[in-house]
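Novice: Provided herewith is a single structure, encoded as structure tokens, for subsequent inquiry.
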Amino acid sequence: MTRDNNPDVLSEIDEKLNGILLRLDQLGDQVVGLDDRFHEVLARWTHYREDLTGDHDEMHRGIAEELNSFVSQKLLRLAYMRSRATVGGLSRRQTAQLVGSLCVAYLGPAEIDLIRVRRMLKARKGDDCWQTAGQAALQAKKILAAARARGAEFSWDYDCDEGFPLDGEFQQVWSNCDPASDVSFVVVPGYVADGERYLLQQVFTETVETGAEA
């Protein structure tokens with residue numbers, strides 16, 4: 001019998017392996033304990049730090065980012081699909097108006113009006129635009145449901161002074177509109193929660209060129 005197959009040798013190796021595994025388990029428990037202790041100390045420290053954001057604040061920032069991505073990706077894609085299906089395409093102003101109407105339909109205080117959305121897009125049952133509109137509705141429902149499940153209370157800010165200069169404190173221009181021109185209408189509403197603004201309004205501004213397009 002070779003040394004490698006010697007029962008005593010195998011038993012010794014097995015014992016050492018078990019010892020190593022036991023030690024690894026102990027170290028793992030220590031790491032978990034230290035991690036929990038670290039977060040406990042950190043939580044106590046940040047409780048007194050007014051310059052650091054809390055969980056509630058981070059929650060609203062996360063929701064605002066999700067909604068901003070939803071508008072810039074899903075809703076803008078739907079508007080472009082409608083533009084491609086239109087003879088001559090939609091003007092910049094018409095595209096912005098359509099995105100604004102989609103925001104109201106998807107993110108309004110009432111339930112998502114998918115029938116209205118498909119009518120605005122002139123989508124035909126079963127085509128790409130029809131299906132994309134439905135997928136966007138499911139995504140919007142998930143975002144809003146998750147927000148409400150976490151106890152988030154928020155509102156959409158559509159209020160703006162049309163015909164007046166842009167207010168940089170709560171507005172930014174839509175797409176490549178001119179920030180020096182007067183505000184025409186809100187494209188994407190602002191996101192406000194607990195008196196704080198987490199998402200600026202995106203507004204369409206008038207210029208000589210866009211006025212000629214309208």
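The values are calculated or read from the model by the stated rules, or taken from the named source; none is laboratory data. Since the model is a prediction, treat every value here as computed from it, not as a measurement. In this analysis, Cβ positions are derived from the backbone assuming ideal geometry, glycine residues included, and neighbour counts consider all displayed protein chains. All accessible areas refer to the heavy atoms of the entire protein, side chains included, with ligands and DNA or RNA removed. Shrake-Rupley method; radii C 1.70, N 1.55, O 1.52, S 1.80 Å.
Novice: Go through the residues of the range 119-128 one by one and say whether even a single one is in a helix (DSSP H, G or I), open to solvent by less than 90 Å² (accessible area, probe 1.4 Å) and closer than 19 Å to Phe70 by Cα. Don't jump to the end; show me each part of the working.
Specialist: Of the range 119-128, the ones in a helix (DSSP H, G or I) are 119-121, 128.
Filter once more, keeping what is open to solvent by less than 90 Å² (accessible area, probe 1.4 Å): 120-121.
Restricting the remaining residues to those that are closer than 19 Å to Phe70 by Cα gives 120-121.
So far as the range 119-128 goes, yes, one or more of its residues are in a helix (DSSP H, G or I), open to solvent by less than 90 Å² (accessible area, probe 1.4 Å) and closer than 19 Å to Phe70 by Cα.
Novice: Surrounded by fewer than 11 Cβ atoms within 10 Å (Cβ to Cβ), of a type in the set (Gly, Ala, Ser), at pLDDT 90 or above and farther than 24 Å from Lys74 by Cβ, is that true of Ala180?
Specialist: yes
Novice: Go through the range 40-71 and give me each residue that's among the basic types (Lys, Arg), open to solvent by 80 Å² or more (accessible area, probe 1.4 Å) and modelled with pLDDT under 50.
Specialist: Applying the first criterion (among the basic types (Lys, Arg)) to the range 40-71 yields 44, 49, 61.
This time we only want the ones that are open to solvent by 80 Å² or more (accessible area, probe 1.4 Å), so: 44, 61.
Arg44, the sole residue that qualifies.
Novice: I've got another one for you. Could we say that Ala193 is within 19 Å of the chain's Cα centre (by Cα) and closer than 16 Å to Phe70 by Cβ here?
Specialist: Taking the combined requirement at face value, the residue does not satisfy it.
Novice: Residue check: is Phe164 surrounded by 11 or more Cβ atoms within 10 Å (Cβ to Cβ), touching an Asp or Glu at 6+ places or on another chain (Cβ under 8 Å) and not hydroxyl-bearing (Ser, Thr, Tyr)?
Specialist: No.
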